[in-house]
Amino acid sequence: NIFCTDQYLKVSIPPFLFEAILYAPIDDTNSTAKIGNGIIFFTLYKKEVAMWDSLTLANANKEKLQYLRENAVLKAHEKAKEETEAKKVTKQEHKKYALEATMKLEEAERKRIEDLKEKERQKVTKELELWKKQQKDAEKQKRVQKEGKLHQEVEQLKEKKKEKMNKTGIPNEGTSKPRLKPTKGHGSYSMFSENLKEEQLPAPRSAATIKINFTSRVFPTALRESRIAEEEEWLRKQAEARRTVNADLSELEDLKEEEKNPDWLKDKGNKMFATGNYLAAVNAYNLAVRLNNKLPLLYLNRAACHLKLRNLHKAIEDSSKALELLTPPVPDNENARVKAYVRRGTAFCQLELYTEGLQDYEAALKIDPKNKTIEKDAEKIRHLIQGTTQDS
């Protein structure tokens, strides 16, 4: 055990003890000690360049030596305390940076997906406009062809009418048939043109775009009159929770509006847990709990993270808090209560508190008696308890 301050040096190797109160202060941060082959080699750097009369302080009475020892120990404690505080601050900064970095990555990914959707929408819009133009051109070509065909039929009928009139105007030899008056072509053409008018199709309608505006909604489902009161109550509670939190948490000023939503943070924590980033998931759940401490799923999910990180006492606290909020016990929260009992029982067993763990597993079995996995784990805990009792 080596203990070194700016003016006090001690080495404890039972049953030996080496102690030296140095002549002048040294730089204990840069000074080193190497141990090997039963020898300790010290390299000490003076704070001030000067010649020392001796290595240790000479002609000092017991009171002064005692004071220097105690002062060295106090300085060492203060230095250790400062280093601990500095590490704590650095750790908090790292956690905050990790959460911000994760949120930025999620925002970049969401923006990328939105850009892809926008490009796809523009592409589909262009294809639709091109298809409409092709359809319009095809309709126009059909209409021109039909008009040309009708005009050709009219000309053929005119020729036939003219030939018939010529034949009726020339009498046969040896006959005295009266000459028939030729039918005026004007009346015939007029009647045919009326038939053509009836057969002509109307022109196609011109294309147009109808713009429809929808009222923005928080809920993804359609508005129902039977649920208006329920939605308004939920929105009111959310607004009150946000106002309360914004008044208490000054660090939330830099967050976006969606990042102050506990549900959004819960989903983010679930994604981080699925990828194995348990510390970031705990940070997301912590912020969500500070925003709304009445959601049992936040404590339940955070307990799962603590189990992965071996923070067993915190896992027990979060599971107990989730069970407090999952009241009254109803069929809708059966699954959540089973998970809370199992996670708390697992934490107890890992702390070797098998009796408490078995109680939680048996409580979970009462809720879900058909769960074979929980039943097997409970049986293993019973064997552990029996083995511990026999060993005692």
Which FRET efficiency, nearest 0.05, do F3 and V89 yield, Cβ-Cβ r, R0 22 Å? 0.25
If I fit a long axis through the Cα atoms of helix 312-325 and take the longest principal axis of the Cα atoms of the chain, what angle between them do I get, 0 to 90°, rounded to 10? 50 degrees
Of the listed pairs K104/K339; K104/K126; K91/K308; K111/K133; K104/K260; K87/K308, those with alpha carbons more than 21 Å apart are K104/K339; K104/K126; K111/K133; K87/K308
By the gyration tensor of its Cα atoms, with a ≥ b ≥ c the square roots of the eigenvalues, what is the shape of segment 1-83: rounded for a/c under 1.5, prolate for a/b over b/c, or oblate? rounded
Reachable lysines from K158, Cα under 22 Å, same-chain residues fewer than 8 places away excluded? K146, K149, K167, K181, K184, K197
Whichever aspartates and glutamates have a C-alpha closer than 15 Å to that of K47, once near sequence neighbours (fewer than 8 apart) are set aside: D6, D27, D28
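Per residue, what accessible area does the chain have, given a 1.4 Å probe and all protein chains present, in Å²? Present the calculation step by step, with values, prior to reporting the outcome.
On the way: 30530 Å² over 392 residues.
Accessible area per residue, the chain: 78 Å².
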Taking a cut-off of 34 Å, what percent of all Cα-Cα pairs in the chain are separated by more than that? 68 percent
Nearest 10 degrees, 0 to 90: helix 262-274 Cα axis against the chain principal axis: 80 degrees
Under 18 Å from the Cα of K372, which aspartates and glutamates turn up, not counting those fewer than eight places away in the same chain? E334, D360, E362
So for segment 289-370, using the alpha carbon gyration tensor with a ≥ b ≥ c as root eigenvalues (a/c under 1.5 gives rounded; past that, a/b versus b/c decides prolate or oblate), I'd call it oblate
L9, L68, L157, ranked by accessible area, largest first (probe 1.4 Å): L157, L68, L9
Could you list which residues have their amide H under 5 Å from that of L22, counting only those 5 or more apart in sequence or on another chain, with H placed in the peptide plane? Y8, L9, L57
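Helix-only mean residue ellipticity at 222 nm, the chain, DSSP H runs n ≥ 4 weighted -39,500 (n - 2.57), per residue, nearest 500. What is it?
Working: 10 runs with 249 residues, N = 392.
Calculated mean residue ellipticity at 222 nm is -22500 deg cm²/dmol.
Roughly speaking, to the nearest percent, how much of segment 282-383's 1.4 Å accessible area is carbon and sulfur? Before the final figure, lay out each step's value.
Values: 2690 of 5460 Å².
It is 49 percent, rounded to a whole number.
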In square angstrom, rounded to the nearest 10, how much accessible surface does V330 have for a 1.4 Å probe? 60 Å²
Compute the long axis of helix 334-350 from its Cα atoms, compare it with the longest principal axis of the Cα atoms of the chain, and write down the angle in degrees, 0 to 90, nearest 10. 30 degrees
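The values are calculated or read from the model by the stated rules, or taken from the named source; none is laboratory data. Just so it is clear, the structure is predicted and the values come from calculations on it, not from any experiment. Using ideal geometry, Cβ is built from the backbone for each residue, glycine included, and neighbour counts are taken over all protein chains shown. Only protein heavy atoms, including side chains, enter the accessible area calculation; ligands, DNA and RNA are left aside. Shrake-Rupley method; radii C 1.70, N 1.55, O 1.52, S 1.80 Å.
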